[in-house]
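Scroll down for the structure; my scribbles are underneath it.
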């Protein structure tokens with residue numbers, strides 16, 4: 001009902017034309033041919049944004065499938081129609097990277113790109129806020145800083161949320177308040193959180209899929225190794241570095257055991273430096289406790305190839321693209337969730353060379369950890385991983401703000417009973433076509449049950 005009402009009532013801004021900015025970029029700048037899947041998704045977005053209804057679309061594409069290029073082309077579509085866009089990313093590293101890439105690709109086109117994060121100095125921040133308010137700034141990229149109240153747009157037409165699983169539902173809701181007519185919303189993720197999968201099963205969201213990788217990409221080979229195999233793992237990294245490649249070594253950082261994890265990270269860093277002594281090798285480190293400048297310097301050194309090994313916590317989880325990195329070693333892999341493991345693995349395999357993900361685990365594993373490691377070694381398909389994640393964690397509360405945990409159904413299981421759920425969605429749609437407000441006496445019981453459910457905040461409107 002929420003979806004049909006939204007489609008009837010939710011006014012959306014209209015992107016009526018594909019104009020010169022989009023066309024110039026597409027014909028003269030785009031560095032490669034789009035895949036068939038990217039073209040199909042763009043067509044779906046074009047249809048959505050031309051209807052006069054607000055788009056609320058989830059873009060699911062596996063790590064490295066080209067979601068960011070679809071986002072950029074959608075932003076240019078908004079610009080051609082006189083609207084501003086914002087792209088919200090979960091980390092400063094990722095926001096900086098998007099801003100640098102977009103600025104470089106859009107050079108010479110009549111659009112401006114600015115970056116807004118927590119560490120932007122107040123004079124620059126003031127200038128950005130002025131340009132947003134007067135409409136001279138078309139594209140704003142940033143972190144949660146974009147969601148803060150002082151950030152006001154003249155005519156925001158499109159909001160893109162990157163790595164959707166890292167944002168809480170309430171945070172995403174704040175974007176709706178940034179324009180008089182709610183902007184079109186495109187949420188992108190490589191591993192949908194269970195709650196999103198559940199919403200998809202319930203037909204609450206429009207859903208686009210990029211289901212092919214750009215040509216020339218090879219799947220990442222994933223293996224498990226126990227603690228006692230560490231010397232062999234180190235030798236393997238050495239062999240890859242000899243070929244001119246680079247490697248990541250990731251340590252967990254979990255709030256409950258943060259002090260202990262931090263000590264492990266430092267110890268791991270020292271051990272690696274012993275295995276890979278200077279000046280033959282250089283190792284850099286990135287983690288959340290470092291000053292922003294130190295973190296950025298260390299990242300830049302890895303990007304430019306001055307260091308061969310990057311030791312990091314999950315700060316590196318999303319969006320960092322270094323095509324020369326071919327090895328991802330994840331320490332204490334049993335401590336990570338499935339979607340995190342999949343995201344981390346996605347940092348390698350971005351060039352044409354064969355890449356590897358090595359999951360280093362303790363010698364004794366619980367049943368659930370064993371299952372997570374098994375599925376990671378078995379498949380690189382983000383869909384299968386997300387389904388498995390939901391099976392293990394539960395799909396969360398669709399109408400609420402909890403993003404995983406079991407649904408309070410008596411009988412049905414959202415993974416096992418997907419066929420029945422799809423039939424239920426179809427039956428509900430047909431019923432609403434005949435009786436949109438459930439006014440007929442025969443539907444009185446159903447209407448009563450829904451009114452009882454409606455006491456909850458309607459979070460399910462927000463993807």
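The values are calculated or read from the model by the stated rules, or taken from the named source; none is laboratory data. Just so we're clear, the structure is a prediction, and the values are computed from it rather than from any experiment. Note that we place each Cβ from the backbone using ideal geometry, even for glycine, and neighbour counts take in every protein chain shown.
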Which of the following residues is within 30 Å of residue 20 (Cβ to Cβ) and part of a loop (DSSP other than H, G, I, E, B): 132, 137, 158?
-> 137
For residues that are buried (at least 21 other Cβ atoms within 10 Å of the Cβ) and at pLDDT 80 or above, scanning just region 154-181, find the one that is nearest to residue 381 (Cα to Cα).
-> 162
From the options 297, 313, 401, 307, residue that is under 28 Å from residue 95 (Cα atoms), surrounded by fewer than 24 Cβ atoms within 10 Å (Cβ to Cβ), outside the structural domain of residue 97 (by TED's automatic domain parsing) and at pLDDT below 85 = 401
Out of the residues in region 63-94 that are surrounded by 24 or more Cβ atoms within 10 Å (Cβ to Cβ) and in a loop (DSSP other than H, G, I, E, B), which is nearest to the chain's Cα centre (by Cα)?
-> 89
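For (1) farther than 25 Å from residue 285 by Cβ; (2) modelled with pLDDT of 95 or more; (3) in contact with a helix residue (DSSP H, G or I) (Cβ under 8 Å, 6 or more places away or on another chain), each residue gets a yes or a no:
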residue: 100; (1), (2), (3): no, no, no
residue: 105; (1), (2), (3): yes, no, yes
residue: 119; (1), (2), (3): no, no, yes
residue: 130; (1), (2), (3): yes, yes, no
residue: 138; (1), (2), (3): yes, yes, yes
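Being in a helix (DSSP H, G or I) and out of contact with any strand residue (DSSP E or B) (no Cβ under 9 Å at 6 or more places or on another chain) is the filter; apply it to region 43-58 and report the residue that is nearest to residue 158 (Cα to Cα).
Residue satisfying both the conditions and the ranking: 46.
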Please indicate, with yes or no, whether at least one residue in region 90-98 is within 24 Å of residue 29 (Cα to Cα) and out of contact with any strand residue (DSSP E or B) (no Cβ under 9 Å at 6 or more places or on another chain).
-> yes
Evaluate the following for residue 328: is it within 21 Å of the chain's Cα centre (by Cα) and either outside the structural domain of residue 246 (by TED's automatic domain parsing) or part of a helix (DSSP H, G or I) (or both)?
-> no
